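Peer 1: Questions regarding the structure given below will be posed in turn.
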Amino acid sequence: MKSYFDRKTAALVLFSAAVVLLITNLVVGILKENSGSINNRIEVNGSEIDSLFIFSLHSFGISNEWIAERKGTKTAKSYFVKVPPDLSIPVILRELNSNFRGKDITINSEEKNYSGTTETEISLGKSIKLIAEIKYEDSIHRRAATISFVLRDYELYDTIDSLMLGIPEPFSPLLLPSMRSFNNSKFISERKKSFSILLDDNISEIKYKLQDNFSENRIKATLFTIIKDFSNAAFFVVDDNSDLYNSTAFKLIKNEIDKRNIKILKLNDLANLQYENDVQIKNDFDNLMKNMVDGESKIIAVDYEGFENLIPEIKRFRKIGYKIVHPSQLAQKELIPKP
């Protein structure tokens, strides 16, 4: 008798075989991974556990004054840790687990009912090496300095530039009025991002050019075109070292902008980061941030490449309590005086 499979049966058999092979590979992979992770875990001692625990707390801006060592306990180290209410204890626990990953230790954490306290134990084998009670404390807070960014010379030349619009860090490209900027502004808006407009002496296209020797009607008409074409701009910035700012025409420009309730900032009111290399900009940014006082806010102007290099630093400062907001939020505080 001649036997055969129809196509449907054959497909079913092949699919089932593929599933079995996939599951087998996954199981073997997991067993290998678990076996390897156990055999290759890094041995640590009590002193290293203590140092890494304190380092993890400091990485969130938890100061030494909020970490109290308790004496007379059976464990090698015991702490009571106060946490400000803007910092989540589960986030701290995730950081601990991440920093201790691959180490030959065990971390156990338990939240005590209704007390707002989490008890964490770090063990080496069967021996508890560190115990900590972590509790929220309403009376303390981390440094609440706030920053935002505007990006100079943001041209959207290629795909890499456009991908920058997808990062979660808030920023506002600073565009000089031109037809290229007009097209870029539409692209930026379509991606749910905002931009700001720069007024200075370098506006070259006659459609957007502003000069002191233009008539009042021409200045008004040109300004109206800029405002209309860039109606989605979060705010305007004027270069206060420019001839335009120091001309009689700017008083008219400022009045027209004010009448439309558009915020306008002076370029020198921003913290402008100029740099020679990647190391310098990171050092300058670090110094700027550390010199800010609690409650202070700054809008930082930097070029595209500099901002890209600063992203890891921005994340680090956010982690310790700094707030990174959209510049339009700070622009409300930065209105320039009438000339």
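Peer 1: Could you figure out which of (1) within 22 Å of I226 (Cβ to Cβ); (2) assigned to a loop (DSSP other than H, G, I, E, B); (3) of a type in the set (V, I, T) isn't true of I299?
Peer 2: If we test I299 against (1) within 22 Å of I226 (Cβ to Cβ); (2) assigned to a loop (DSSP other than H, G, I, E, B); (3) of a type in the set (V, I, T), just (2) comes out false.
Peer 1: State which residue is farthest from the chain's Cα centre (by Cα) when the search covers only the stretch 285-303 and only residues that are farther than 13 Å from S328 by Cα and small (G, A, S). Outline the logic, then answer.
Peer 2: Kept after step one, since they are farther than 13 Å from S328 by Cα, are these residues of the stretch 285-303: 285-296, 301-303.
Keeping just the survivors that are small (G, A, S) gives 295, 301.
Details: G295: 19, A301: 15 Å.
Only one residue fits best here, namely G295.
Peer 1: So which residues in the stretch 307-329 are of a type in the set (A, V, I, L, M, F, W, C) and either under 24 Å from F55 (Cβ atoms) or not assigned by TED's automatic domain parsing to the domain that holds M289 (or both)?
Peer 2: Listed by number, the residues that qualify are L310, I311, I314, F317, I320, I324.
Peer 1: Further question: Which one of D303, D269, D229 is closer than 25 Å to P170 by Cα and modelled with pLDDT of 95 or more? Even if it seems obvious, please write down each step before you answer.
Peer 2: Details: D303 fails: modelled with pLDDT of 95 or more; D269 fails: modelled with pLDDT of 95 or more.
Among D303, D269, D229, only D229 is closer than 25 Å to P170 by Cα and modelled with pLDDT of 95 or more.
Peer 1: How about the stretch 43-62: which of its residues are surrounded by 13 or more Cβ atoms within 10 Å (Cβ to Cβ) and either assigned to a strand (DSSP E or B) or polar (S, T, N, Q) (or both)?
Peer 2: S56, S59, listed by residue number.
Peer 1: Now a separate question. All but one of (1) surrounded by 12 or more Cβ atoms within 10 Å (Cβ to Cβ); (2) free of Cβ contacts under 8 Å to residues at least 24 places away in the same chain; (3) not aromatic (F, W, Y) hold for P90; state the number of the condition that does not hold.
Peer 2: That leaves (1) as the condition not met.
Peer 1: Among the residues of the stretch 168-195 satisfying the criterion of being in contact (Cβ under 8 Å) with a residue 60 or more places away in the chain and out of contact with any helix residue (DSSP H, G or I) (no Cβ under 7 Å at 6 or more places or on another chain), which is farthest from K251 (Cα to Cα)?
Peer 2: For the stretch 168-195, the residue satisfying everything is P170.
Peer 1: Taking F80 and the conditions (1) modelled with pLDDT under 95; (2) under 16 Å from E119 (Cβ atoms), which numbered condition does it fall short on, given that it satisfies the others?
Peer 2: F80 satisfies every listed condition except (1).
Peer 1: Here is a further query. Looking at the stretch 63-87, which of its residues are without any contact (Cβ under 8 Å) to a residue 40 or more places away in the chain and touching a strand residue (DSSP E or B) at 6+ places or on another chain (Cβ under 7 Å)?
Peer 2: I67, A68, E69, R70
Peer 1: Determine whether S123 is small (G, A, S) and under 30 Å from S297 (Cβ atoms).
Peer 2: Details: small (G, A, S): yes; under 30 Å from S297 (Cβ atoms): no.
For S123, the condition - small (G, A, S) and under 30 Å from S297 (Cβ atoms) - is not met.
Peer 1: Is there a residue in the stretch 93-104 that is over 29 Å from the mean Cα position of the chain (by Cα), in contact (Cβ under 8 Å) with a residue 12 or more places away in the chain, over 29 Å from K323 (Cβ atoms) and part of a loop (DSSP other than H, G, I, E, B)?
Peer 2: Within the stretch 93-104, one or more residues are over 29 Å from the mean Cα position of the chain (by Cα), in contact (Cβ under 8 Å) with a residue 12 or more places away in the chain, over 29 Å from K323 (Cβ atoms) and part of a loop (DSSP other than H, G, I, E, B).
Peer 1: Checking L330 against (1) over 21 Å from N232 (Cβ atoms); (2) under 18 Å from the mean Cα position of the chain (by Cα); (3) part of a helix (DSSP H, G or I), only one condition comes out false. Which one?
Peer 2: Status for L330: all satisfied but (1).
Peer 1: In the set E276, E256, which member is over 32 Å from the mean Cα position of the chain (by Cα), of a type in the set (D, E) and farther than 21 Å from K186 by Cα?
Peer 2: Among E276, E256, only E256 is over 32 Å from the mean Cα position of the chain (by Cα), of a type in the set (D, E) and farther than 21 Å from K186 by Cα.
The values are calculated or read from the model by the stated rules, or taken from the named source; none is laboratory data. Keep in mind it's a predicted model, so treat the numbers as computed, not measured. Here the Cβ is made from the backbone with ideal geometry for all residues, glycine too, and neighbour counts use every protein chain on show.
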